[in-house]
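I have placed the structure first, in the form of structure tokens, so that the comments after it can refer back to it.
Bear in mind these aren't lab numbers, they're just calculated from the coordinates by the rules spelled out. None of the values given here were measured: they were computed from a predicted structure. Don't worry about glycine lacking a Cβ; one is built from the backbone with ideal geometry, like all the others, and counts go over all protein chains shown.
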Amino acid sequence: MDKLKIRSASIAEVPAVLAFWARSAEGTSITDDADGVTRLLVRDPDALLVAERDGAIVGTVIAGYDGWRCHLYRLAVDPDQRRQGIAAALLAAAHQRFVTLGGRRADAMVLDHNELGQHAWRAAGYHAEEQWSRWVRPLF
């Protein structure tokens with residue numbers, strides 16, 4: 001992983017992060033807009049981790065901690081740079097963040113049809129818990 005750097009994203013990078021997700025992430029979310037990502041960074045400036053190589057974003061993960069649980073979202077790696085350990089480096093940084101904050105267990109949101117993502121999460125030691133279902137309700 002020559003010259004790979006893991007760091008927190010800045011608010012100035014929100015447009016670049018959104019463009020990166022548009023080409024590299026699976027699916028979209030209601031919060032995949034400048035306002036949503038900016039709110040995340042204002043509330044928790046270290047939650048959005050980016051992997052950077054040669055000045056370009058090549059990976060992301062949101063490592064959110066609410067004081068009770070550790071949640072992972074938007075693990076994405078540039079399609080041209082996959083299978084080089086970028087996701088593993090991002091998750092190692094996320095796990096360290098959680099340990100530092102006092103977290104005990106991390107969970108990840110993974111789309112049921114995202115087989116590539118499921119493989120990556122399994123390789124990182126995660127497993128699906130079939131007894132849980134995600135229930136959602138849009139607020140507006």
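Some points to look at:
- Residue 34/residue 130 FRET efficiency (R0 30 Å; Cβ-Cβ; nearest 0.05): 0.25
- Per-pair calculated FRET efficiency, R0 = 30 Å: residue 3 and residue 42 via Cβ, rounded to 0.05: 0.50
- Principal axis extents of the C-alpha atoms in region 1-53 (largest first, rounded to whole Å): 34, 24, 15.
- Here the Kirkwood formula, the inverse mean of 1/r across different C-alpha pairs, assigns the chain a hydrodynamic radius of 15.5 Å.
- Region 33-140: relative contact order as a whole-number percent, Cα under 8 Å and 6+ apart: 19 percent
- The HN-Hα couplings worked out from phi for region 15-26 by the Karplus form 6.51 cos²θ - 1.76 cosθ + 1.60 (θ = phi - 60°) are x, 5, 5, 4, 5, 4, 4, 4, 9, 10, 8, 8 Hz, whole numbers, x standing for Gly and Pro.
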